Amino acid sequence: MSLKSNRKHKEKSEDIEDGTNHRLPPKVTNILTGTHESLDYLPSHSEVYKTWLKLKPHSSEWDRWLMMGLIGIVVGTVGFFMHQIIDTCFEMKWEMVEKYISHGDFFTTWLYILGIGFGMVLCSSGLVVFLCPAGSPSGLPEVIGYLNGASIRHIFNIRTFFGSFFSCALAVSAGLFCGPEAPMIHIGAVVGCGLSQFKSDTLRINLPFFTRFRNSADKRQFITAGAAAGIASVFRAPVGGLLFALEEVASFWDIKLAWQTFFCCLMATFTTEVFSSSFGGFAYSGYFGFFKAEQRILFWVKDLLNMSVLAFIPSITIGIIGGLLGALFVCLNVRINKLRLKLFNSISNKLVRQLSKLTETMVLLVATMTITVYLPYFFPCTAYPSTSHVTNSSHNTHELWDVSEYNCPAESTGHMFPNSSHIFNQGAELLVKNGKQGIMLLFQRGTHEKYGFPALFITLIFYFIISCWTAGTAAATGLVVPMLYTGALFGRIVGIVMVYLFGVRNDEYWAWIDPGLFAAIGSAAYFSGVSRLTISLTVIMVELTNDVQSILLIMVAVLVGKTVGDYFNHSLFSSLLNLKCIPYLETEPYIVHGKKKVDLELFTAKDAMQPCTVLHLRESVSMLTELLNNTSHNGFPVVYSPAAGQDEVFLGTVTRLELYMLLSNSHIFQTQEDSNTDTAVLKYQEVTVEKLPDEPGMNTLLHKYSTDPQYQQLFINLEPYINKSAISVQAHFSLQRTYKVFRTLGLRHLTVVDLQNRAVGMITRKDLISLRLEKKLIKLDSGKLESDEELLQ
């Protein structure tokens, strides 16, 4: 068996169900459990590791803080450029068609917008399809899975960084119903990984700086900080970014990491704001370092409202609607992605499959631009008293034409609407402007009757459907802006209903009946219904709007939205993890047999384990070669006999990669006579690698070792390389607590021993995912597994 065949990846997951039970047929279950390898969170505690530690000079934590600050500055700079590109391209695109819209030539407008969009989306989708497949659609599920302990290749290389950045910027600029948030989280994670390691396999760069961070635990911490910095930069929400990483992204957390991530988020937000304060549309506008509230706070709400306890009633209603719509979105999006996978995977030719993905994105663009250009045509011009609204666009040094005027005649201000100073098209203001500007307009206070029910309802339907289709296409797209915008639309509809029932109330006690307030609450409720976030979402909403006054209403809507959504299915991120066949371990295992939740405290570790192949302290080269050729296990228990005549007991573990590295260094081989003499021992850096440096050469060596008889008389002493701090549990140990131990400690292998400390099995990540556990426990109920007595003898 070659090395490459052990990592063969299959992309078939067409029968995955998005429901709570996540039932899959056996074929797909095997794919899910065999797609990705796992990672060790802690290094192997071997003799060579301890020797390496003794030789390391004592170092303080200043370099770690320096690295966190550097990651924050780079991510903040990337976030600034992302905003600038999107705002500039979007405004230039619509300014080009101003004259055609003003003359009612919508077909030419559609052709121009579609042509520009074709160029942008072709580049955006092409980057994902041909340059960085790991960037599709957002990369966030892959980051979450990696930080949980699943090894996913190519998601943190420099090709993914540039591909995701430009793909996201072009997709949002083209007018697709998406945002830059999730790709920015992925980009931040790539920056955290790349800078902390100071090396690139793609560019073949290996700089001798910060080498002590080249281990799994430190790498995950910097990736976590980079992901948090990404959300902090794009939202200007440093505390929200920290809490988002804690609540959704990271699986391993401690207070020290929290402090360092907080600093990283601070530097990212500060960097973005410093550049944004003085640059608009890539032109210097002065005021360097002067943070204006209307620029710093994305969806700034100037007019805070007094609240009443009665406001909790519509907030709960909005929470229920948000949970229902969120669950519906998750269900539809997962089904669309399953259909997408089924269709694309049925195409055997790789080039045709890639072109099919590009074609789907183009069809999506045509549908989106047709709705965006033509739908506002059916809405009349509306008069509304001019209000001094804020704009958060970084490109706001001039305003030649407001796209919300759309097809409204220029002379209408003086004749058709003599008492109005602001004439606009409701459909254009809601659809043509990008999602960020639309959210800001919907959040405005004191605009009770600015938008009518037809415009809001029709926009809600189209935006919900198109954004559901957009999520998962072959482009780096984010869902946060569509979630906020969709929630704001139905929240404002609830506000209009309240105004219709009670009228426009300006007195102090009833001032809370404002559609703008309910739009913000609706955004939070729908966001929670889709993502099931609570704490971080509440803080992000406050940082986005500066509306501390309504925090209690937001909290209620968020909790209700999450509760209602959880009743129907899992969150979108959890569903995508299953859809992508990433073996993710939830905080608590959720196993359902029939319609009843299974209590894992009633089962033991031996119910989930797999049989294991044990090694001894001294093994022949040919035996190790045969083991690696005939098995795909990534870890092996090592046993020894404490005294002559005694049973062999568990001592520790050794990994597959370590065995490969030992076999590739023939100078450490021993003969039978060398057993009592000192031989060469590899250094820790030589035996501990993330991947094999030369796979073809290793295959050649294995073939040589397996065919040449002399290697039956050559041996390797494994003792210096054994992880003697490997965790083990007894066979009768609670399965619930086994799960907790495995996930909390970030293990890759967990050895199961009997009462005499003899290794009887091994538990890996794939044995603990819900699908595998459910399958095994059903067999156990059928009497197909051995009894406790067999393992406790």
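Among (i) 117, 58, 52; (ii) 85, 69, 49; (iii) 107, 53, 53, which one is Cα extents along the principal axes in Å computed from these coordinates?
Correct label, based on the coordinates given: (iii).
Could you give me the percent of Cα pairs per 10 Å distance bin for region 601-791, shortest bin first, beginning at zero and ending with the bin that holds the maximum distance?
The calculated distribution, bin by bin, is 8, 32, 32, 20, 7, 0.
For the chain, give me the percentage of DSSP beta bridges that are antiparallel, rounded to the nearest 5 percent. Before the final figure, lay out each step's value.
Working: 31 of 36 bridges.
Approximately 85 percent, going by the DSSP bridge assignments.
What does the helix-only formula give at 222 nm for the chain: each DSSP H stretch with n ≥ 4 adding -39500 (n - 2.57), the total divided by the residues, and the result rounded to the nearest 500 deg cm²/dmol? Working shown, then result.
Numbers: 30 runs with 410 residues, N = 793.
When only DSSP H runs of four or more count, the value is -16500 deg cm²/dmol.
I'd like to compare 566-577, 44-55, 89-100: which one has the highest average count of other Cβ atoms within 10 Å, and what's the full order after that?
Details: 566-577: 20.5, 44-55: 14.9, 89-100: 16.9.
In decreasing order of mean packing, 566-577, 44-55, 89-100 become 566-577, 89-100, 44-55.
Looking at Met609, Ser770, Asn634, which one has the Cα that reaches farthest to the positive end of the dipole of region 601-791 (charges on Cβ: Lys, Arg +1; Asp, Glu -1)?
Result: Ser770.
Between helix 255-276 and the chain, what is the angle of the helix's C-alpha long axis to the longest principal axis, kept within 0 to 90° and rounded to the nearest 10?
Helix 255-276 sits at roughly 40 degrees to that axis.
Where does helix 216-235 land angle-wise versus the long Cα axis of the chain, in degrees 0 to 90, nearest 10?
For 216-235 against the chain, the angle is about 0 degrees.
Can you give the extra length, in nm with one decimal, that the chain gains between Phe81 and Leu111 once fully stretched, where that is 0.36 nm per residue apart less the Cα-Cα distance?
Numbers: separation 30, 0.36 × 30 = 10.80 nm, distance 2.83 nm.
Gain on extension, Phe81 to Leu111, equals 8.0 nm.
With Cβ to Cβ distances under 13 Å as the rule, what net charge do the other residues near Ala227 carry (K, R +1; D, E -1)?
Details: positive: Lys219, Arg220; negative: Glu142, Glu181, Glu247, Glu248.
Its environment carries a net charge of -2.
In a solvent-free Debye calculation with one equal scatterer on each Cα, what is log10 I(q)/I(0) for region 176-328 at q = 0.18, 0.20 Å⁻¹, listed in the order of the q values?
Listed by q, the Debye log ratios stand at -1.15, -1.22.
Where does region 527-662 land on the Kirkwood hydrodynamic radius, alpha-carbon pairs, in angstrom? Could you put the intermediate results ahead of the total?
On the way: mean 1/r = 0.0492 Å⁻¹.
Kirkwood radius, region 527-662: 20.3 Å.
Does anyone have the angle between helix 480-502 and the longest principal axis of the chain? Alpha-carbon axes, 0 to 90°, nearest 10?
Helix 480-502 sits at roughly 40 degrees to that axis.
Would you work out the relative contact order for region 275-349, in percent, from Cα pairs under 8 angstrom that are 6 or more residues apart?
Values: 22 pairs, mean separation 10.8, N = 75.
Over region 275-349, the number comes to 14 percent.
Within the chain, which cysteines find no other Cys whose Cβ is under 4.7 angstrom from their own?
Cys89, Cys123, Cys132, Cys168, Cys178, Cys193, Cys264, Cys265, Cys331, Cys468, Cys581, Cys612
So what J values fall out for region 170-187 if you push phi through Karplus, 6.51 cos²θ - 1.76 cosθ + 1.60 with θ = phi - 60°, rounded to Hz, Gly and Pro as x?
Those phi angles translate into 6, 5, 5, 5, 5, x, 5, 7, 7, x, x, 5, 4, x, 5, 5, 5, 4 Hz.
So how much slack lies between Leu332 and Phe288, counting 0.36 nm per residue of separation and subtracting their Cα-Cα distance, in nm?
Values: separation 44, 0.36 × 44 = 15.84 nm, distance 4.59 nm.
Full-extension gain reported as 11.2 nm.
Students often check this: by mean Cβ neighbours within 10 Å, which of 518-530, 639-651 ranks highest, and how do the rest follow? Could the numbers behind the result be given before it?
Values: 518-530: 32.5, 639-651: 13.3.
Answer by packing, highest mean first, reads 518-530, 639-651.
Quick one: net charge around Val539, please, counting Lys, Arg +1 and Asp, Glu -1 for every other residue with C-beta under 14 Å from its C-beta. Walk me through the intermediate numbers first.
Details: positive: Arg236; negative: Glu247, Glu248, Glu543, Asp547.
Result for the local shell: -3.
Taken together, the values in this text are just the output of simple stated rules run on the coordinates, not laboratory data. Predicted model, so just to flag it, every value in this text is computed and none were measured. For neighbour counting, all protein chains shown are included, and Cβ atoms are generated from backbone atoms with ideal geometry for every residue, glycine included.
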